[in-house]
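**Student:** Here it is, the structure in full.
Only the coordinates and a few stated rules stand behind these numbers; no lab work does. Quantities reported herein were computed from a predicted structural model and do not represent experimental measurements. Because the Cβ atoms are built from the backbone with ideal geometry, glycine has one as well, and the counts that use them run over all protein chains shown.
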Amino acid sequence: MVVDALLNDIMRTSEVKFTLHDQQNREREVWVNIKTISIDDIAETGILETLGIKPKQLVVPAIIGDIQNGLAADRAGLKSGDQILAVDGHSVSSWAGWVDYVRAHPGQILQVEIERNEARLTISLQPERKETESGEIIGFIGAVNQPPEMLIAEESYSLFPAFAKALVRTWDMSWLTLRMLGKMLTGDASVKNLSGPISIAQYAGQSAQNGIAAFLWFLGIVSVSLGVLNLLPVPLLDGGHLMYYLVEFVKGNPVSESAQIIGQQIGLTLLFGLMILVFYNDIMRLFG
């Protein structure tokens with residue numbers, strides 16, 4: 001929610017007001033100048049990091065949640081609910097510490113002490129080798145943590161309030177997409193932020209690993225973005241046909257066939273150029 005609100009503010013204003021509460025629950029307001037922050041900065045480092053804000057990291061216990069079939073954690077016999085107590089004789093106090101240790105030991109056999117159903121067990125675990133986008137080789141076991149209940153927030157609505165919320169959210173995302181396109185046209189945002197089918201497939205896989213809710217959320221965002229693009233007044237798209245209908249309504253007669261042919265050629269050129277651009281961006285992200 002905070003990130004969404006900040007992104008909308010950055011797109012339309014030069015200052016953001018923060019309402020803060022200190023440890024004594026005293027309230028104060030702080031105005032932050034965001035005029036010098038660009039969309040490209042946000043895309044590279046994230047909104048909060050660009051503002052110089054580091055959220056407090058809560059200590060999450062090293063308890064195994066979901067496990068991917070056939071990967072290192074599954075082959076070693078780890079199960080959902082197992083708590084990692086120690087690895088190679090080193091005590092593990094948090095999930096972050098466990099992840100750091102696994103990442104630092106790709107391909108090595110680790111002796112992991114776990115607690116399962118109030119019993120202590122020791123298993124051998126060999127993290128797989130995985131290459132990151134930057135070329136670094138890290139350890140990977142194919143497991144995610146089980147977040148404590150206090151970190152899980154759930155909102156539920158009945159049918160009609162949920163429908164109203166969906167309409168508002170769809171409108172917000174559509175308007176955000178249009179403003180992003182506008183900033184790209186004016187040069188305030190780089191076209192490097194555009195993604196093609198390769199990046200979409202990667203993000204879809206990552207969101208699917210986080211659960212069905214995250215995956216459906218990602219599909220919704222992609223669908224809204226594609227719907228907005230499809231309604232742009234570009235020949236060959238549905239928005240182009242609507243533009244022809246509007247011209248016909250104003251003129252009182254249809255657009256001439258020669259004008260439609262020229263429009264189709266322009267539209268085809270624009271779409272082909274866009275396709276080349278997004279594929280180029282995808283390839284550069286993979287190998288750049």
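**Student:** Which semi-axis lengths, in whole Å and largest first, follow from the square roots of five times the eigenvalues of the Cα gyration tensor of region 110-244?
**Tutor:** Working: eigenvalues 340, 109, 29 Å².
Values for region 110-244, descending: 41, 23, 12 Å.
**Student:** What's the angle, to the nearest 10 degrees (0 to 90), between helix 212-230's Cα axis and the longest principal axis of the chain?
**Tutor:** Its long axis makes an angle of about 20 degrees.
**Student:** Using a Förster distance of 25 Å, how high is the FRET efficiency between LEU232 and LEU167, based on the Cβ-Cβ distance and rounded to 0.05? Display every interim value, and only then the final one.
**Tutor:** Details: r = 21 Å, r/R0 = 0.84.
About 0.75, to the nearest 0.05.
**Student:** When the scattering of the chain is computed by the Debye formula from its Cα atoms alone, each counted once and equally, what is log10 I(q)/I(0) at q = 0.08, 0.09 Å⁻¹?
**Tutor:** Calculated log10 I(q)/I(0) at the listed q: -0.54, -0.67.
**Student:** Continuing with the same structure: In debye to the nearest 20, how big a dipole does the chain give about its Cα centre with +1 on each Lys and Arg Cβ and -1 on each Asp and Glu Cβ?
**Tutor:** Details: 21 positive and 31 negative charges, 67 e Å.
Dipole size: approximately 320 debye.
**Student:** Counting only pairs 8 or more places apart or on different chains, how many lysine pairs in the chain have C-alpha atoms closer than 19 Å?
**Tutor:** 4
**Student:** Among SER225, SER158, SER258, whose mean-square fluctuation peaks in a Gaussian network model of the chain (Cα, cutoff 10 Å)?
**Tutor:** SER158
**Student:** Counting only C-alpha contacts under 8 Å and six or more residues apart, can you give the relative contact order of the chain as a whole percent?
**Tutor:** On the way: 330 pairs, mean separation 36.5, N = 288.
Answer for the chain is 13 percent.
**Student:** Quote the charge dipole size of region 89-168 about the Cα centre in Debye, to the nearest 20; the model charges only the Cβ of Lys and Arg (+1) and of Asp and Glu (-1).
**Tutor:** Details: 6 positive and 11 negative charges, 23 e Å.
My answer is approximately 100 debye.
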